[in-house]
Each structure stands twice: as C-alpha cells, then as structure tokens.
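The values are calculated or read from the model by the stated rules, or taken from the named source; none is laboratory data. Source: prediction; values computed, not measured. Here Cβ is always computed from backbone atoms with ideal geometry, including for glycine, and neighbour counts include all displayed protein chains.
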Amino acid sequence: MHTEVTWGLLIVVYLFTAGVSAGAMVASNAAFLLGGDRYERVARWGAYLAPFPIAFGTGVLLLDLGSPLNFFRLFMTLQYKSPMSWGSWAILLFTLLSLVYLYLWLPPRYQIGHVIKRVRVWQGGLAKGMPILAVSVASYTGVLLNAADRPLWQIALLPELFLVSAMSTGVAAVGVAVALSRRWRANHEEKRSLALVDIVLVGIELLIFGAMMIDSQIGTLNQQLAYAVLWTGSYAATFWIMIMLLGLVVPLILKIVEVRGRLSWKWTERVGLGSSLLVLVGGFFVRYVITYAGQMTGWLR
Amino acid sequence: MTVRMGFVIITSRCIDCDACMVACRAENEVPIGFTRNWVRDSGAVGKFPIVKQMFEPGNCMHCEKPSCLSVCPTGATYKRADGIVLVDDTKCIGCKYCIEACPYDARFLNPVTGKADKCTFCLQRLEQGLKPACVQTCLGKARHSGDLNDPESVVSKLLNRYPARQLSPDAGTRPNIYYIDVPVAEIPSGT
Amino acid sequence: MPKIYTWDQLFSRRQFIKGGLAAAAFGAAAGSGLLQPKPGLGDAQSTVTSTLSGTKYVYTICEQCVWRCGVIARVENGVVRKLEGNPDHPNNAGKLCPRGNAGIETLYSPSRVKFPLIRAGARGSGLWRRASWDEALTYTAGQMKKIKDKYGAKAMIFNSTDNLSQPFFETLLKAYGTPNYGTQRSLCFNSMTTGFLYTYGVAQPGTDYANCNYMIFSGRNLAEGISNIETQEMIDMVARGAKVVVLDPRFTKTAAKAEWLPIRPGTDLAFFLALINVLVNEKLYDVKFVSQYTQGFDELTKEVATYTPQWAEVQTEIPAGTIRRIAREFAASAPAAIAHPNWRTSNFLNSFQAERAIAVLNALVGNWAKPGGLIPDQSINTAKLGTLSHPSYPAAVGMRLDGVPWQFPMVPLAYGVLQVMRDNILTGKPYQAKGWLISRQNPVLSIPERQKTINAIMKLDFIGVIDIMANDTAYYADVILPESSYLERYDGLVPIGDEIFIRQPVIKPLYDTKSSLMIYKELAVKLGLGDFLPYQDEKDLLVQQLKPYTVSLEELERKGHYRVPNFKEDHSKDFAFQTSSGKIEIASGIMAQMGKKAVPTWEAPPKPGPDQFYLLTGKTAQHSQMFTQDNRWLLEIFPENKAWLHTTVARKLGVKTDDEVIIESEVGKIRIKAYVTEGIRPDSVFMVGGFGHVSKGLHFAYGRGASDSALHKSLADPISGSSALSQTFVRVSKA
C-alpha cells in the first residue's frame, strides 16, 4: 500500500519530452516530404530538435528507477503484453534513428565521404519511415498509462489525446525554434502553415476533451468518479486553468489571430511565439494532470 | 488438477488488531514505512447510535490475470504453476509500472532493494509446510490460506459452506482472495 | 573527568556504533533487513536447535504486556528473526498479538539503555555519565542506606508493576523494611477486585467464555485491550452466535461485534441496578442458588425497588425497554450468562458500587462455577513452586503514605492507593518521603496530574529507576539501572494450572545490562540484605523453584514447559466463600461494619458543566499502555493518539479529522489531533492513554500524541482507593 504518488514529476517530464520529440520529428518529416525546399527550415529544425527532449526524458526516467543499473534488462527481452517493453524498444530505435536523421541534416561540411551524394535519398527514406516510429512513441505514452489498471487511465481516447498533444507540442517546439533562429529563420508561409497545423491539432484536442466530457456522463460509476477528479475534484483548478484555458483556448485564439494576418509583422511574431510556448505549457500539464490525478483514482470495492 | 494458492478472509472474525501486519514485517523484513499486508477499517458507519464497523484484511491477491504481470517490461513479475505471483529481483528494474497497475495497491518500491515488493505468500514458510506468518498469528482465525482447487483445504471447505465475494471485480484481474462476511462459528479442519 | 553525555548523544546512532558493541550494529542491521542472504530454515517446531543451519528455536514467555504468552523464538546465527506463539501455551494457543509480534523491535531498539547511567546535571537536565555496575549499585545502595539511617526505612518508597520477578522485588522492599509499596492496581482495577472480594471473597474470578451464551461487558474491551486467549475466546463466542452486549460511551472494536449501548458515562451502576430490579420483580433469579449460597437478598429487594428501568433510562440514556429486554435475555441464558467483572467499569468514584452490583447480578442468576459462568479462584489448582528460605523480615515501621488503612480502611493492604502516595510525597504528610526506587513502572505518565508527579520527584533526595528504556520517570532519575530485555534474561518461573513455564534468554544480552533478578540480588547484597535473596544467579534460583519436581532446568529450558504428573484439580473449595459469612454477600458484612449501606446502592455521578465534556480514556490493541510507544513496528500501525469527537461537536468547533484541538481540564491542557466519528457520544471526548511522553530518551515516541495523565484529576474512591479516571471534565477548542 502507498499513499504518495508512485509516479511523480520525473515520469511527467519523460512522457512530455517523448511527445515533443515525436511531434518535432513528424513535423520535420512532413515538411520535407510535402513542402520540399519551401519548408526546408521547418524540416531542418525538426531534425535538430527531435533527438534531444526524448534523450533528456530517458535520462530523467533512469533517475526514477529503483534499480537504474538494471536498466539493460529492458533490452534483453520483449514482453509482448507490456506497453513499456514495446515502448522502450520504440524509444531506443527512435532515438538512434533520429540521431542519424539529425546527422543527415547537418551542413555539408560535416558529411563524410560519399554520404553527401546520397543525403537527399536517405533523408527521404527516413522521413517516410520515421513517422511510424514517432506515432508509436507518442501513442505509447498514452498506452502506457492505459494499461495500468486505474479508472482514469483506462478511459477511451487517452492514447489519442496523448498522440495529438504530442504532435501539437512538437509542432509548437519547432515553431519556437524557427521563430528564434537567426540562420534558418522561417519564412512567412512556413510560420503560417505551422500555425494552421497547430490550430487543427489544438482543435482536435478540444474535441477529444469534449468527447471525454460526454463519456463521463454515460460511463461506469468507476469512470464517472475518475473523471470527476479532473472536472471538479482536486485537479480541477489545474485542469481548467493550465490545460483548457492557457494550454488550449488562449493559444487557439492567438493562433487564429496570427493566421488572419491583421497584426503588424512585429506583433504577429510575438503572438506566434507566445502561443507556441503556451501550447508547450499546456502539453506539459496534460501529462501532469493525467499522471497525478490517475493515481488518485481507484476501483470501487 | 493444478494447484491454485489463495486466501479466504473472514471479515466477521477480524478485530483490526494488526498482528498480521507486524508478523509479516518480522518474517519478511519489510522496511519501516511500507507494508505487504493491511487491515482496512471502515470507521463507524451510520448515524449515532446506530453505527456499524467493518474490518477488511488484505494483501497481494495473487490474481488469475495479474495486471502487474502483464505490464512488467522485463518479465520480472511472474506467476508460478501454483498461482503464486512473485518478483524476480534480478530482472526487476524498479520502474514501478506494476505498482501503478495493481488495482489493490498491494505493491511498493522497496527502498532497500530498489525492487518492486509485495506479499510472497511467505514462500519460505510454505516450503517448510508452514502457513504464511499473517495466517499463523491471526488471533481471530480470520485469515486462511491454501489450495483453492483442493477440496480438502480449509479455504475450499470455507468457500463451499459460506457465501464469499472478491474485491473490485471491475478491475478484471480475478483475485484469489475471497472474503466471507457472515459469522463462521467453526473453522473446518483441512490442509 | 568522566565524559558527560546528553540524552541525544547517548542514544545517537554514532554513540551506538562507537560503543564498540558489535552485537548492537548487528541488531541494527537486522532491523533494516540488510543481513542477506538468510541461512536455511530448520524444522519449525520439533527441535530446539538445529546447529547445522545456525538456526535454533527457543521457548520463552512474552513481556510486551503483562499477559505472559508462550513464545517460540527463531534465532539465526545469534539474531532473533521471528517470534511465534507457542501452540502448547494456555495463554495464547499459538497466536501472538501485534505487540507480541513486535518484541524483536523492542530488543533491537536504538532507545535501549545500554549501560548504567548516573545523573551528571540537575534532575531532568538530561545530562548523564556512564557508570560501571559496581559504581551504580554502590551509589544506589548508598543513597538508600543514607535515607534509612537518617529518616527510617519508611522514607523510602518502592514501586513496581506486575511482572514475573515482582515477588523478588517485594522481598527486597520487605527486607529493607519500608511499609511503602506502590503498584498500578489503584489506577486500574481496585474497584473490581474489592467489589468481588467483598461479595465472593475472590478478587478476580475467571469467565468461561467457551460455554457462555450471554455476556455483558461494561469496561472490558477485549478487541482493543487484548488478553490473548480471552480475546480469541471472545471472537469465537461472537462467531458462534452468543449474545454480547457492550456498555461504552464509545463505539469500541468490541462494540463493533456486539449490541452497543452508548451509556452515559458514570451510570453503569444504574444500568445494573435496573437489571437487578427486573430480575427481582419478575422472579427471574435462581431462587435455589440464592437461598443456598447467598445472604442479604431481602435487603437487596428493598433497595432496588425504586431502581426501575424507567428510572435507569433517565440516568443512563438507554431506553427502559432495552434494559428490560436485556434483563430477560440475560436471565433466560443463565447460568451460561455473565455480567463481566471488567477491569475499569465506568471509571468513576461510584465504580465500586457498580462492581458490587455486577457481582450481585451474577450471584442472582447462579452462574458461579457453572459452565458458561464465573470461574472460582484458580490459585488452589495451580502447581506450587519451591520457595527460598530467608531470615524473617524486619517489622515495617510507620504509617503508609498511600493512606492504607488509616485513610482507606477498606482497601486491601496489597492493593494500595498509588495516586495518594504521590500526593503525600508532595504534602509531606504524615511524614516526608525521601527516596523512590522504581522497577518497571512509569509513574510520571501513569498517575493522574503528571505535573504533580514531576514536582513530587523534584522533592526527593533520591530516585532510582530499573527499566530497559529511558521511560519518562527515568528521565528524572538520579540513576538508571538498565535491565536486560525479556528476550535476553531469565525471570521467575510461571505456573499455570498443572504446568510450569519458563522465560529464558533467547540470545545473550546485547549490552551491559542485567536481569532484574540479579539487579535486586546485587542491590540486596550492597544493602547488607543478601540473605533475603538466597541465590547465586538466575539458574540457581530457578533450580530452587523446581525443587518439588523431578524435571531438570535443562529439560525445562529445552521444552519450554513442564507438566506436573498426576495433578488433581481440587474443586472442594469452590463454594467455600472467603467472606465473613461464608456465603456470597449480597449484603456485605464489611460494608455494614463500616457503617455503610451493605447492598449495592445508587450514587449519582457528577455531570460536566455547560460546554464541558466527559474525558474518557482506554486502550488500543497496538500498544500496552505507555510501555510500547517507542516500538517502531507498533508505531507503524498506531502512530499517535487522537481525540475522538462526535461529528456534531466537531462541526460546531469547525474541526476536521487531524486538525488540532486544545483540551483543557482543571489540572492541565494538551494539544492533540482530532478524530471525528459517529462512534462516540456527543457529550464525550475519548483518547487512548499512554502517549505524550516527556522523555527524550524515547526516540520514536517522543513528540507523538498527548498524555491523558496531563488532564486527569487525582481522585480516589474512599472505599476501593480506585482512581476515577473518567471523572474529569474538559473543555475542547480549536487550536
């Protein structure tokens, strides 16, 4: 029996960073495949960002283990029923390949031998393959919680919520990078597209929460009680302010304002940057609230 | 027939003295601050002076479909042929996934070993033909253990004679602790 | 210059290791589970020792409370790993309660006093120096001699609480020659023992739970005041459908298994008088038994005429219909029906009358020596130990400081009135006490009005304490003589029925400690009284105690118990009542002699004023009064006491569970966490006793909960000397 939370902030950071990396990777892949040279900066920054949050998160995760020196045991087996087992392999593969992908995006002077001739081909190959891994990693964080028998974590759409949240935070992270970068600063079209994508993703996230609210009225008593922790319980304030208001509604409005293009160049810049940062904050709190509130819910006896 | 080890707990015979918790701590050297078993106390339920109170002992339920086992990423948690669910310390990395997954909060991270820890059915005692420490010491003869598939066991006989329930069936793990709430005048003899 | 230690230094981990005691470090490791791997386990109960695996099993007797359960200790390579109940022991039938299971933690506790200590600063300053046994005993004996020479032996008080070596402590005090002996009895069950003594001539009859079909408890909470086998029998009784009625203002865990009657505090007497009224009026009593074995029935008839259930309803707040129903049910189940003698019925000054009413009620249904009824004195049917011959005791000159018998003529000499003794240290009347030797007792926390006890200690020339830990009284002592824990020592043998049981060392003492048997002996020698305790060592004493029997000490040690062959139970004296009339005295001859009403009679208890509450106190299953709070394993399951408040009271105060409240009585004030519940009368506040320690030597208990003795008023029933612990009224406010 335990009273305090078992999975704390370190796990929240891990779940969040894995999502950011996956989102950044998909953003890069999509920009490269669909936009080509016009979206080169987005593709480049996505590639540069992708390996690091997840590597950091994995390091943090190690700190949270009871027996960190036993970490290698994860990779001596594949437990087909355990999302964490699949997830660990996926993350390992994702991190390694995202480093390769990053290398391919480095300026030519870093490319050795005949790699330089085939860089485009390899970039393309990876860009086509990586989204599958990225989506796996992003959904994994939701499936991970989903498989632990807690009512709140077993609710429908949790993996979908985490996936969409991961994509939106990844896109936002790339958005911040390309807005601040000097050498590879995004052009107007890139920024606008990123903002549009974020509008769509944030919109979907809001729809998912809406669906959850409907579900919470018709679900089992166990689920109703679990949802109540979010809507009206001890995590309600954090949920409504940090996620719904600051993390979703406000950035959505800001992004729409940004896209409509009535603001001055300077203000467009600021609004874009600020709304992206808010999306990141909101994404973090999605993980935080779900992780913590989930541990407060148990099964009726 | 295969062996299916489990517990039968007669709540009407429990007085919440917690001897089971101390006996377990001694037998299994459970570190201070954690416990492998428990007695839940409903407190006084109702309105003065019409109140009642129930005590419900518990520990790892050695489930048929243990969620701790399916989530374990390294195969450290395993179920023996006799149904006892254990943790292989050499494989456990201390990720706490099983602790989250257990609907009964039966597990904790042992800060001394860095491993997931829980009731082992006092395997070291079973191997000597002894009952688990909590069962042995129970003043009220509320805790019983044995092979649920063996018709000659105390637990089977109790379940044959009295109505029983399981905890949180919604969680779907098919726990192997059965609770009898009605009075049980005499404990049948058996293995 | 010897090194001076503060309490913190004495008990710090560093000091612990630096003490150079390998065993201590070993013990600490055992507590935290660092010793791996475990050696193999031998065969459980058939052999005492299996040397091959380094595991041995040793029979001994528990001392986590005073009940004396049989224990089998599993010792692996010199470390005690597990304590388990001895299935052959009649007191516990193989089971141990939480306290018994936690004995290992008592043994290996860092709070143990590890060598003799002599005070090195002002009393209560917490400054100590280490002393050798010779120095500590010489110092103690020197102080005691000085007091005797200057003021007479009577200026020295001896105190002890029920334990296996208590008879030898009593020998020491008789040899010393003081009339002043303090036991816990008046704080506990004086009203019960005197009540039954004056009715049956038996202080504490047994109760046949196994065959009883109707039990009324009114001050015995077996689920929380565990007496192992009795608790087991009570649970079995409930399970087989016997009726159990619990009179208690609080919903106890025993009440949870029974019909609960939340009686108004202090009115149990009215309830029992009304039961008698119904039995008499409806002729439900055992006419034959009453005429054959009792006297005073007619007087009783007259007295109880007005004690109708309607009258009792006003007093007790239990409906008259319920009282009448219980009276009829009780009579219908008789003689397999018992109104339990209890320990501390209602705990008011009228408790003696309540106990008399209970004793008489039992007599009316004729349950004496019947299956399911009261069991006559068993001492006649207990194996007798060999005795030690010693010189005759000197006369104890002087009046007793506890007022027996000059102030309390009806209190039996052996019982005493501890709280009055403390008061008379302060008043200096009839003479000034000068010294106090206390063995295994903690008056600072047990006697009401804690501050007075501390003040009394400050007045003395000398105070010495014998204990295994630095209890609250030891904190103020001049010298602490550290006793070995019960798992490290011998004590006097224990006969139960036709069997004799032994407490023996499970392991060698971890520290520089001694058994109390040897502390008393060596102190006697230094006092020039060595002949009174004529044994060389513990084994020598035990051999002398075994003299009437053929069994050797070695065999007893190996088997843990010895059954006296061809032992015949003698029941010829079952109905030879040791009263002045030779009968069960419904009308007490002694009471009549003292000019008091001879039959049980109503004494109205005082009521709390407006905004005041009854302060109730009681036990918990996880601790033995104030004796086990420092045990970490027990603190895990019962960390602190809280003040029980009824929901409506808490709402009015604006208090939730775990909010702090201030409780204030005429004599003291405490701060304690609240526990809000429907399971208590709205006019009462309850707290478990024993917490709120003042000794910093109790590392883990210090600072937890609050002390009820800081609030209790000092009262003494003029008849039984019993302390009326619940006759204290308090105000409660939000902290």
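Data table
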quantity	calculated
Single residue of A:185, A:192, A:262 found to be loosely packed, with under 14 Cβ neighbours inside 10 Å, more than 30 Å from residue A:8 (Cβ to Cβ) and either touching a residue at least 24 places away in the same chain (Cβ under 8 Å) or more than 14 Å from chain B (Cβ to nearest Cβ) (or both)	A:262
Residues of region C:510-523 classified as in contact (Cβ under 8 Å) with a residue 40 or more places away in the chain, among the hydrophobic types (A, V, I, L, M, F, W, C) and over 15 Å from residue C:160 (Cβ atoms), total	1
Qualifying residue in region A:58-73 (condition: more than 8 Å from chain B (Cβ to nearest Cβ), without any contact (Cβ under 8 Å) to a residue 12 or more places away in the chain, aliphatic (A, V, I, L, M) and closer than 17 Å to residue A:130 by Cα)	no
Wholly enclosed strands (runs of 3 or more DSSP E) of region B:1-79 bearing at least 1 residues of a type in the set (Ser, Thr, Tyr) and under 30 Å from residue A:90 (Cβ atoms)	B:77-79
Qualifying residue in region C:375-396 (condition: buried (at least 24 other Cβ atoms within 10 Å of the Cβ) and modelled with pLDDT of 95 or more)	no
Boolean, residue C:81 is assigned to a loop (DSSP other than H, G, I, E, B), of a type in the set (Lys, Arg) and surrounded by fewer than 24 Cβ atoms within 10 Å (Cβ to Cβ)	no
Identity of the residue in region A:74-86, within 8 Å of chain B (Cβ to nearest Cβ) and under 21 Å from residue B:66 (Cβ atoms), that ends up surrounded by the fewest Cβ atoms within 10 Å (Cβ to Cβ)	A:81
Tally, over region C:717-734, of residues that are surrounded by 23 or more Cβ atoms within 10 Å (Cβ to Cβ), farther than 22 Å from residue C:610 by Cβ and over 18 Å from the mean Cα position of the chain (by Cα)	2
Helices (runs of 4 or more DSSP H) enclosed by region B:85-191 - at least 2 residues per element that are within 14 Å of chain A (Cβ to nearest Cβ)	B:97-101
Qualifying residue in region C:551-565 (condition: under 30 Å from residue C:286 (Cβ atoms) and not hydroxyl-bearing (Ser, Thr, Tyr))	no
Matching residues, region B:23-53, being closer than 28 Å to residue B:159 by Cβ and within 8 Å of chain C (Cβ to nearest Cβ)	B:23, B:27, B:35, B:45, B:52, B:53
Subset of region A:123-177 that is aromatic (Phe, Trp, Tyr) and over 10 Å from the mean Cα position of the chain (by Cα) - its residue that is surrounded by the fewest Cβ atoms within 10 Å (Cβ to Cβ)	A:153
Some residue of region A:22-36 being of a type in the set (Phe, Trp, Tyr), touching a residue at least 24 places away in the same chain (Cβ under 8 Å), buried (at least 21 other Cβ atoms within 10 Å of the Cβ) and within 14 Å of chain B (Cβ to nearest Cβ)	no
Any chance residue A:160 is among the acidic types (Asp, Glu), more than 14 Å from chain B (Cβ to nearest Cβ) and out of contact with any Phe, Trp or Tyr (no Cβ under 8 Å at 6 or more places or on another chain)	yes
Matching residues, region B:77-98, being among the β-branched types (Val, Ile, Thr), more than 15 Å from residue B:62 (Cβ to Cβ) and crowded, with 24+ Cβ neighbours inside 10 Å	B:93
Region C:245-266, residues that are farther than 17 Å from residue B:43 by Cα and in contact with a Ser or Thr (Cβ under 8 Å, 6 or more places away or on another chain)	C:246, C:247, C:261, C:263, C:264, C:265, C:266
Single residue of region C:565-608 satisfying the filter (in contact with a strand residue (DSSP E or B) (Cβ under 7 Å, 6 or more places away or on another chain) and in a loop (DSSP other than H, G, I, E, B)) that is farthest from residue C:205 (Cα to Cα)	C:608
Every residue from region A:272-301 that is part of a helix (DSSP H, G or I), of a type in the set (A, V, I, L, M) and within 14 Å of chain B (Cβ to nearest Cβ)	A:290, A:293, A:296
Region C:674-699 residues that are not assigned by TED's automatic domain parsing to the domain that holds residue C:470, paired with ones that are polar (S, T, N, Q) and in a strand (DSSP E or B) (beta carbon under 7 Å, 6 or more apart)	C:687/C:617; C:689/C:617
Residue tally, condition crowded, with 16+ Cβ neighbours inside 10 Å and on the phi > 0 side of the Ramachandran plot, over region B:138-189	3
Selection status of residue C:189, among the aromatic types (Phe, Trp, Tyr) and surrounded by fewer than 24 Cβ atoms within 10 Å (Cβ to Cβ)	no
Sole exception among (1) more than 20 Å from residue C:220 (Cβ to Cβ); (2) modelled with pLDDT under 95 for residue C:308, by number	(2)
Residue within region A:187-194 that is under 18 Å from the mean Cα position of the chain (by Cα), in a helix (DSSP H, G or I), farther than 20 Å from residue A:52 by Cα and aliphatic (A, V, I, L, M) present	yes
Complete set of residues in region A:142-175 that are closer than 12 Å to residue A:41 by Cα and either in contact with an Asp or Glu (Cβ under 6 Å, 6 or more places away or on another chain) or among the aliphatic types (A, V, I, L, M) (or both)	A:174
Answer residue from region C:557-589, given it is within 28 Å of the chain's Cα centre (by Cα) and of a type in the set (Phe, Trp, Tyr) and is nearest to residue C:538 (Cα to Cα) among those	C:562
So residue B:60, is it touching a strand residue (DSSP E or B) at 6+ places or on another chain (Cβ under 7 Å), more than 14 Å from chain C (Cβ to nearest Cβ), more than 30 Å from residue C:318 (Cβ to Cβ) and surrounded by 23 or more Cβ atoms within 10 Å (Cβ to Cβ)	yes
Hits in region C:617-645 (condition: charged (D, E, K, R) and more than 9 Å from chain B (Cβ to nearest Cβ))	C:619, C:630, C:640, C:642
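Conditions (1) modelled with pLDDT under 95; (2) in a strand (DSSP E or B); (3) among the aliphatic types (A, V, I, L, M); (4) closer than 26 Å to residue C:315 by Cβ, marked per residue:
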site: C:198; (1), (2), (3), (4): no, no, no, yes
site: C:226; (1), (2), (3), (4): no, no, yes, no
site: C:229; (1), (2), (3), (4): no, no, yes, no
site: C:260; (1), (2), (3), (4): no, yes, no, yes
site: C:263; (1), (2), (3), (4): no, no, yes, yes
site: C:269; (1), (2), (3), (4): no, no, yes, yes
site: C:272; (1), (2), (3), (4): no, no, no, yes
site: C:276; (1), (2), (3), (4): no, no, yes, yes
